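Report on one structure; see the data block that follows.
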Amino acid sequence: MTIRDLIIIGAGPGGVTSAIYAKRAGLDVLVFEKYVIGGQVVNAFEIENYPGFSKINGFDLALLFQNQLKDNDIKVINEEVIKIEPNDNYFKIITNNNEYFSKKVILALGSKHKTLTLSNLEKYEGHGISYCATCDGAFYKDKNVAIVGAGNSAISEAIYLAKIAKSLNLIVRSKIKAEQSLVKELLSFKNVNIFEGYEITKLDGDINLSNITITNKVTKDEKILEIEGVFVYIGLIPSTKFLLDLGITDENGYIITDNHFETKIKGLYAIGDCIKKDLRQIVNSTSDGAMVIHYLKD
């Protein structure tokens, strides 16, 4: 049985950074990523607040992450971790294919998109409902689309879609919360309509989505919009469901850590968007990744 120094679960910005710092510290490190290196970064159309890049596409940044892992000879295994079992001197990591062992573990699990709470949502996922404008936007060139959301991610993706769609309808449950610079850029497009105080209450169409009903939360006014694509950006939830039996998460699923990123289980650490924190940005996820190795070595 091979027991490694460190296993990192997740290869988003935090996981990649911790892997690089661990390797440079001489640790025997292994990384697991069930999807793609970069995590949610891959889905970002443009990133304008990451030092060193005035503007960079999320996919391109993720590719740089991947190349840097390769340059540092860090192995990434594309398996899904389904269970972690703490033992006296090591952890057993159980994936969908194998079992692995490590003295210490860093959880860099990131988060996943929240979905709309509509009864027929699944019918239209992949047939009009999407969670990635940069992935699926090209399918809706010169068509009527909508984005649901109010934050920076929603507005950034709305800007991207406004450039290629016939019309872009932004549906916001209350008020827009994004940075003013982004809002100003979005409003510069002639094909943008904003519906503040509205939410989607009905999806309709045969095989593919063809129209949506939106309802004002206060006045109950309803509007039917001819929409072929809806992109959902209403927030994220931590990817921590498989950890519930360890008792390290709060009521919202976020992992609780101390000031050194260690959970209540000795040797088990967590960083990035899956932990309870005030700010969730690429830059502070990478900071978490560096700092956790500093504390882990002590």
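Listing for the model above:
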{"quantity": "Acute angle (nearest 10 degrees) that the helix 58-71 long axis makes with the longest principal axis of the chain, alpha-carbon atoms", "calculated": "20"}
{"quantity": "Cα point-scatterer Debye curve for the chain, base-10 log of I(q)/I(0) at q = 0.09, 0.13 Å⁻¹", "calculated": "-0.50, -0.93"}
{"quantity": "Three-way shape call for the range 121-232 based on the alpha-carbon gyration tensor, with the a/c threshold at 1.5", "calculated": "oblate"}
{"quantity": "Among S102, S188, S287, residue whose mean-square fluctuation peaks in a GNM of the chain (springs only between Cα atoms under 10 Å)", "calculated": "S188"}
{"quantity": "Dipole magnitude of the chain, debye to nearest 20 (Cβ charges: Lys/Arg +1, Asp/Glu -1, about Cα centre)", "calculated": "300"}
{"quantity": "Beta bridges per DSSP with both ends in the chain, % antiparallel, nearest 5", "calculated": "45"}
{"quantity": "All lysines inside 25 Å of K223 as judged from Cα atoms, apart from same-chain residues fewer than 8 positions distant", "calculated": "K114, K123, K141, K143, K163, K166, K175, K177, K190, K202"}
{"quantity": "Among M291, N193, G267 the positive-end extreme of the charge dipole of the range 157-298 (Cβ point charges)", "calculated": "N193"}
{"quantity": "The chain: relative contact order in percent, alpha carbon pairs under 8 Å with at least 6 residues between", "calculated": "20"}
{"quantity": "Listed residue (I176, I248, I214) projecting farthest to the positive dipole end of the range 158-298, Cβ model", "calculated": "I176"}
{"quantity": "Inter-label distance, nm, simple model (7 Å from Cα along the C-beta direction), E226/N96", "calculated": "4.1"}
{"quantity": "Selected from I9, S156, N96, residue furthest toward positive end of dipole (the chain; charges at beta carbon)", "calculated": "S156"}
{"quantity": "Formal net charge of residues neighbouring I237 (Cβ-Cβ distance under 15 Å; K, R +1; D, E -1)", "calculated": "+3"}
{"quantity": "For peptides 25-32, 251-258, sequence by mean Cβ density within 10 Å, most packed first", "calculated": "25-32, 251-258"}
{"quantity": "Pairwise FRET efficiency - S181 versus S210, Cβ, R0 = 35 Å, nearest 0.05", "calculated": "0.55"}
{"quantity": "For the range 1-149, alpha-carbon Rg over 2.2 N^0.38 Å", "calculated": "1.25"}
{"quantity": "Local electrostatic count, S287, Cβ distance below 15 Å [Lys/Arg +1, Asp/Glu -1]", "calculated": "-1"}
{"quantity": "Environment charge of G15, counting only residues whose C-beta is closer than 10 Å and scoring Lys/Arg +1, Asp/Glu -1", "calculated": "-2"}
{"quantity": "Point-charge dipole on Cβ atoms (K/R +1, D/E -1) for the range 98-141, about Cα centre, debye to 20", "calculated": "220"}
{"quantity": "Expected 222 nm ellipticity per residue - DSSP helices of 4 or more, -39500 (n - 2.57), all of the chain, to 500", "calculated": "-7000 deg cm²/dmol"}
{"quantity": "Label-point gap, in nm, between I256 and D88 - each point 7 angstrom along Cα→Cβ", "calculated": "2.8"}
{"quantity": "Gaussian network model of the chain, springs between alpha carbon atoms under 10 Å - residue of D288, D250, D60 with greatest fluctuation", "calculated": "D250"}
{"quantity": "Cα long-axis angle, helix 13-24 against the chain (0 to 90 degrees, to the nearest 10)", "calculated": "20"}
{"quantity": "Stretchable slack from R24 to L118, in nm (0.36 nm times residue separation minus alpha-carbon distance)", "calculated": "29.0 nm"}
{"quantity": "Rel. contact order, % - alpha carbon contacts under 8 angstrom, at least six apart, the range 121-232", "calculated": "32"}
{"quantity": "³J(HN,Hα) computed for each position of the range 182-191 - Karplus, 6.51 cos²θ - 1.76 cosθ + 1.60, integer Hz, glycine/proline x", "calculated": "5, 4, 4, 5, 4, 5, 6, 8, 6, 9"}
{"quantity": "Least to most buried among K34, K220 (fewest other Cβ within 10 Å first)", "calculated": "K220, K34"}
{"quantity": "Taking the range 56-110 and dividing mean pair separation by its residue count, relative contact order in percent (alpha carbons under 8 Å, at least six apart)", "calculated": "20"}
{"quantity": "Cross-link partners of K112 among lysines (Cα-Cα below 19 Å; sequence separation of 8 or more within a chain)", "calculated": "K34, K83, K241, K276, K277"}
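Since every read-out is calculated from the coordinates, none of them should be taken as a lab result. Just so it is clear, the structure is predicted and the values come from calculations on it, not from any experiment. Every residue, glycine as well, gets a Cβ built from its backbone with ideal geometry; the counts of neighbours run over all protein chains shown.
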